[in-house]
Amino acid sequence: KNEKAKYRIIGMSFETRPDYVDLKEIAEMKRMGATKIELGVQSIYDDVLKFNKRGHGVKETIKATELLKKAGFKVAYQMMLNLPKSNTRRDIEMFKELFSNENFKPDSLKIYPCALVKEAPLYKLYLKKEYKPYKERELIETIKSIKKLIPKYVRVERIIRDIPSPLIVEGGAKISNLRQVIEQEMKKEGW
């Protein structure tokens, strides 16, 4: 229908998990007209993925990325900062690795700081003082450092999740206009 429509859709994005991508699913996504696949990567550290019960490891992300790129899809990664077992240094190093290692190199990104909400299992760790959200300044500086590492060809589609601020218990993820705040600082600093 799209091929003969007066007004055509020029792109269609599907979101999935890295461990769900195989040749059968790729054929189905192509059949349905997908042009970009967003992978819920979250982290490229196996210890972080395992602790956070993601159900996949880094090898699944590498395999999915390879299969999708070979099939001609644009590949987007959804990355999460401030996950348990990570820290600001590791988060920044993760983005260095994303763009220096040929196994990754996504075409676009969504950067989601972990948002602590009372309904999540993470809240129990927070109450036991086993998890601490990044403070506002800490998160802003981490994202600014990350943005300096991202190649110009990579589109950053998002820098915050759309979880209402009042539902977030604590941390920099409460700043609902975080991207705007960061862009204002970038402009002020001249980069």
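Laboratory data are not the source of any read-out in this text; all were calculated from the coordinates shown. These figures come from a predicted structure and were not determined experimentally. Note: ideal-geometry Cβ built from the backbone for every residue, glycine included; neighbour counts use all protein chains shown.
General observations
- Applying 1/(1 + (r/R0)^6) with R0 = 22 Å to the Cβ-Cβ distance of Thr16 and Lys70 gives a FRET efficiency near 0.85.
- Computed across the range 69-176, the Kirkwood radius stands at 14.8 Å (inverse of mean 1/r, all Cα pairs).
- The range 1-75 - charge dipole about Cα centre, Lys and Arg +1 at Cβ, Asp and Glu -1, debye rounded to 20: 440 debye
- About the Cα centre, charge dipole magnitude for the range 112-191 (Lys/Arg +1, Asp/Glu -1 at Cβ), debye: 140 debye
- Projecting label points 7 angstrom from Cα along Cα→Cβ for Lys152 and Asn87 puts them 3.5 nm apart.
- Environment charge at Tyr131 (Cβ cut-off 10 Å; Lys +1, Arg +1, Asp -1, Glu -1): +4
- Cut-off under 5 Å, modelled amide H: who pairs with Val41 long-range: Gln78
- GNM result for the chain, Cα springs below 10 Å: residue of Gln42, Gln180, Gln78 fluctuating most strongly: Gln180
- Normalised by the number of residues in the range 29-176, the mean separation of alpha-carbon contacts (under 8 Å, six or more apart) gives a relative contact order of 23 percent.
- Entries in Lys110/Lys147; Lys59/Lys144; Lys74/Lys105; Lys36/Lys63; Lys53/Lys96; Lys63/Lys105 that, when Cα-Cα distance is taken, lie over 18 Å: Lys59/Lys144; Lys53/Lys96
- Positive minus negative residues near Arg158 (Lys, Arg vs Asp, Glu; Cβ under 15 Å): 0
- Karplus-based coupling profile of the range 126-132, in residue order and whole Hz: 4, 5, 8, 6, 9, 8, 9, with θ = phi - 60° in 6.51 cos²θ - 1.76 cosθ + 1.60 and x standing for Gly or Pro.
- Of the options (i) 18.8; (ii) 12.6; (iii) 11.3, only one is mean projected area of the Cα convex hull in nm² as computed from these coordinates, and that is (ii).
- Counted charge near Leu23, where neighbours are those whose Cβ lies closer than 13 Å (Asp, Glu -1; Lys, Arg +1): +1
- Dipole in debye (nearest 20) - the range 54-191, about Cα centre, beta carbon charges: Lys, Arg +1; Asp, Glu -1: 100 debye
- Of Gly40, Gly57, Gly11, the residue with the greatest mean-square motion in the GNM of the chain, using alpha carbon springs below 10 Å, is Gly11.
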